[in-house]
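Here is the structure we will look at, set down as structure tokens.
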Ligand SMILES: Cc1cc2nc3c(=O)[nH]c(=O)nc-3n(C[C@H](O)[C@H](O)[C@H](O)COP(=O)(O)O)c2cc1C
Ligand code: SF4
Ligand code: SF4
């Protein structure tokens with residue numbers, strides 16, 4: 001039996017929902033699949049017939065925690081094909097090109113990069129396009145089945161070695177290069193934590209991709225200079241204990257994928 005490892009990261013559940021469909025598509029063609037959340041996986045667990053890297057786009061770059069995870073990976077003993085599953089509002093910039101270069105250093109060949117438009121948790125879009133974009137219709141069951149079909153089609157056709165070419169004219173690529181790692185978190189600096197509401201369940205600090213939330217005794221604090229503004233803590237908190245000045249509760253979707261995400265992260269961090 002062929003084996004596949006899916007390394008995943010997801011702050012509000014979109015990517016995780018796609019990961020489940022990818023797993024089903026791989027199993028349907030005979031793969032044994034293991035899911036590895038990047039905050040809990042030992043990076044040495046690399047040997048497999050296929051590797052999948054699933055993550056969202058943040059400020060025209062691969063999500064920081066995933067980029068850091070890939071950098072720390074040891075090289076594969078033999079060249080191993082890989083598939084990238086990238087959720088975003090649509091602006092993937094030159095991520096497949098960047099990713100291909102990073103993976104090559106690890107003897108991993110990025111064969112396909114699948115882009116999945118899934119923006120419903122992007123609060124800035126929700127703020128500016130509310131009412132004019134069908135944000136809530138993203139990633140419903142039909143669309144997730146579409147993701148599954150897309151993956152099945154790729155597997156059926158055999159993984160092609162696609163060339164991902166650097167596009168010097170991509171404005172988004174240059175914007176991504178210019179934005180320092182801390183910049184995406186800027187709008188998230190004016191935030192508060194409600195001690196009364198917080199049950200210290202541990203979900204937000206287990207999920208935070210930049211390790212910005214710390215618990216000290218019964219108090220939580222955030223390092224706003226390392227926060228990448230992924231919204232994860234706001235989306236995941238079951239008690240709405242996180243608040244932000246400019247965005248009310250309605251912007252943080254406790255969306256239909258969040259419960260499953262919480263469950264998966266709890267299981268992978270063994271809490
Ligand atoms: C701070 C922030 C920055 C983002 N930057 C981009 C971007 O540059 N390009 C893009 O297409 N989508 C961007 N998005 C949208 C996310 O990639 C998208 O919502 C994704 O589906 C989130 O995946 P998740 O639910 O697995 O966390 C951004 C979202 C946030 C919150
Ligand atoms: S503290 Fe920042 S980086 Fe961490 S989960 Fe919250 S929004 Fe994301
Ligand atoms: S997710 Fe919410 S309730 Fe749980 S520890 Fe974080 S702030 Fe507290």
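The values are calculated or read from the model by the stated rules, or taken from the named source; none is laboratory data. These numbers come from a predicted model, not from an experiment. Note that each Cβ is placed from the backbone with ideal geometry, even for glycine, and that neighbours are counted across all protein chains shown.
Which of the residues that make up the range 21-66 are surrounded by fewer than 18 Cβ atoms within 10 Å (Cβ to Cβ) and in a helix (DSSP H, G or I)?
24, 27, 28
Evaluate the range 160-183: report whether one residue or more is surrounded by 14 or more Cβ atoms within 10 Å (Cβ to Cβ), modelled with pLDDT of 85 or more and more than 13 Å from ligand 1 (Cβ to nearest atom).
no
If you scan the range 2-55, which residues turn out to be touching a strand residue (DSSP E or B) at 6+ places or on another chain (Cβ under 9 Å) and on the phi > 0 side of the Ramachandran plot?
Scanning the range 2-55 gives a single hit, 30.
Those residues that are more than 13 Å from ligand 2 (Cβ to nearest atom) and touching a residue at least 12 places away in the same chain (Cβ under 8 Å), I need them from the range 209-249; list them, please. Break it down stepwise before answering.
Filtering the range 209-249 down to residues more than 13 Å from ligand 2 (Cβ to nearest atom) leaves 216-219, 238-240, 245-246, 248-249.
Correct list: 218, 219, 238, 239, 240, 245, 246.
Looking at the structure I just gave you, is residue 53 within 16 Å of ligand 1 (Cβ to nearest atom) and either outside the structural domain of residue 85 (by TED's automatic domain parsing) or in contact (Cβ under 8 Å) with a residue 24 or more places away in the chain (or both)?
Details: within 16 Å of ligand 1 (Cβ to nearest atom): yes; either outside the structural domain of residue 85 (by TED's automatic domain parsing) or in contact (Cβ under 8 Å) with a residue 24 or more places away in the chain (or both): yes.
Judged against the criteria, residue 53 is a match.
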